[in-house]
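Down below is the structure, laid out as structure tokens.
The values are calculated or read from the model by the stated rules, or taken from the named source; none is laboratory data. Treat the numbers as computed from the prediction; the structure is a model and nothing was measured. Reconstructed Cβ throughout: ideal geometry from the backbone, glycine too, with neighbour counts over all protein chains shown.
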Amino acid sequence: MSSTKAPVIALRGSGGPKSLAGSVIKPAFSVVDLFSGAGGFSEGFRQAGFEILAGADNDPDALATYALNFPDAEIILGNICAPDIKERTLSAARSATVLVGGPPCQAFSQVRNHSRVIDDPRNALYREFVETLREALPLAFVMENVTGMDQMGVREQIRADLSLDGEYEIVAQVVDAADFGVPQTRKRLLFVGVRRGTGMSPPVLAGSGAADSIALARFTGSRRPRYQLTVQQHILSLRIGEALQDAENLIAVSAMQAISDLAALPVGNRNDEMSWEELAGPTSAYQRLMRTGAGNVLTNVQVPRINKDTKLRLKGIPQGGNHRDLEERLLERFLTGQRWGQDNGTGRLSRKHFYAYRRLHPSIWAWTLNTKADSVYHYQAARALSVREFARLQSFPDRFVFTTDSRRGPIEGRHDGGPAHSRYRQVGNAVPPLLAKSVAQLLMAELNTYREREEVRARTG
């Protein structure tokens, strides 16, 4: 009795071969994340159904977080310019369907000194991303960076570098995370590329338009300043305004809808975990989404203490306000006799402190988070935010735990500031997972269509 084997094809980076006889086994498409940090890009792609093969970064604390949350991924710690790290990275990237990353790049401020961004020695990490792309030739890639790269003709230089002389078709666009259900305004420049000759098209993200439709307006008068939402008067903006007020709608998410269930977190608690029984129940669809799969305890809940002067100032700042709303008496450098920070000699707050006195407004998304715990304060309580609240505002699910390398003291790649600061920095530097997921879902659709065409071609010869 003779038997005929079904033909087998293997799509590069698609998880290996699959039989075309009977039911088709459809393995996950895969991702390698360069300059991964804690793994915001990877988390978004994982939520969209991709397999995460590897994360590479030179920050040991961020990669400790990555390893904890992606236990099946290869962890590549070190400088990608070093030969051994470069080889490990290339080996992983050659197996991936999609290469993602956000290489540190100061290109937009350096065009004056070099004819091309990629030639500037200070942009070595960006150059390594391009070279990894050239060597691995995945079916698709996504590179993100600051919107400053959109200045002075840099966008077209980057597009030309990443196209690899026409190997990739590329779309570049500026997006705001708030338009994709992230409770934070955060603008990024995305380059999305797909291999030519595959029949795929690089997807263009179409967000809700929330960030351009709604804003906070400051009102002054006989009373203290106050802030309230203003909505553009056209039908789309009005609908987004309605969605933002609806706690069950995920199109646009406010700070209160993101973190109100964590309002009672105690300040100065040394324990970084709390049981759910100690916390309020979820009051929005977003909170329920974030809690999915979180287990029996919530992590990263420590709230740092703030000094007495800061508490007094926060009580004088309305929801959504900042240093501009402080009364004259609260602009004195030291208010209670407690000495903190460097004395600038003027007896007044210096400008470098002004960014810190920003309070969330409960009815709109957060401002852009940076890497410091004092970059934004709670809309209700006169306190800083926990790492978990930072993570919620970045759209990291509660099951995603932030940690640090267990080794003590200075180690290669570690930033100064200690474990607590490292966790805030990891969150603040990350790509919001829901933004990454939006890109990943569109790429998944293109890749699935490509795979189906390849399967038909293999069957028909």
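Take the conditions at pLDDT 95 or above and outside any helix (DSSP H, G or I) and apply them to Asp84. Does it pass? Judged against the criteria, Asp84 is not a match.
Only a single item in (1) modelled with pLDDT of 95 or more; (2) surrounded by 18 or more Cβ atoms within 10 Å (Cβ to Cβ) is not met by Phe108, and it is number (1).
Given the criteria within 30 Å of Ala247 (Cβ to Cβ), loosely packed, with under 15 Cβ neighbours inside 10 Å and at pLDDT 95 or above, does Val174 qualify? For Val174, the condition - within 30 Å of Ala247 (Cβ to Cβ), loosely packed, with under 15 Cβ neighbours inside 10 Å and at pLDDT 95 or above - is met. Candidates are the residues of the range 366-402 that are basic (Lys, Arg) and farther than 22 Å from Pro60 by Cα; the one that is surrounded by the most Cβ atoms within 10 Å (Cβ to Cβ) is Arg392.
For the range 239-283, filtering for residues that are assigned to a loop (DSSP other than H, G, I, E, B) and either hydrophobic (A, V, I, L, M, F, W, C) or within 16 Å of His361 (Cβ to Cβ) (or both) leaves 11. If you go through the range 139-160, how many residues are touching a residue at least 40 places away in the same chain (Cβ under 8 Å) and outside any strand (DSSP E or B)? Of the residues in that region, 12 qualify. Select from the range 194-210 the residues that are touching a residue at least 40 places away in the same chain (Cβ under 8 Å) and of a type in the set (Gly, Ala, Ser) and list them in ascending order. Across the range 194-210, the qualifying residues are Gly199, Ser201, Gly207, Ser208, Ala210.
Residues that are over 20 Å from Phe41 (Cα atoms), in the same structural domain as Ala294 (by TED's automatic domain parsing) and modelled with pLDDT under 95 are absent from the range 385-404.
This table checks each residue for (1) free of Cβ contacts under 8 Å to residues at least 40 places away in the same chain; (2) in contact with a strand residue (DSSP E or B) (Cβ under 6 Å, 6 or more places away or on another chain); (3) under 17 Å from Ala366 (Cα atoms).
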| residue | (1), (2), (3) |
| --- | --- |
| Ala382 | no, no, yes |
| Phe390 | yes, no, yes |
| Phe402 | no, no, no |
| Glu412 | no, no, no |
| Gly418 | yes, no, no |
| Arg423 | no, no, no |
| Gln441 | no, no, no |
| Arg457 | yes, no, no |
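A search for C-beta distances below 9 Å between a residue of the range 63-82 that is more than 14 Å from Leu53 (Cα to Cα) and surrounded by 22 or more Cβ atoms within 10 Å (Cβ to Cβ) and any residue that is at pLDDT 95 or above and of a type in the set (Phe, Trp, Tyr), counting only pairs 6+ apart in sequence or on different chains, returns Thr65/Phe400; Thr65/Phe402; Ile80/Phe35; Ile80/Phe129.
Only one of the numbered conditions (1) part of a helix (DSSP H, G or I); (2) out of contact with any helix residue (DSSP H, G or I) (no Cβ under 6 Å at 6 or more places or on another chain); (3) at pLDDT below 95 is not met by Arg407, and that is (1). State whether one or more residues within the range 223-236 are farther than 20 Å from Gln319 by Cα and buried (at least 17 other Cβ atoms within 10 Å of the Cβ). There is no residue in the range 223-236 that is farther than 20 Å from Gln319 by Cα and buried (at least 17 other Cβ atoms within 10 Å of the Cβ).
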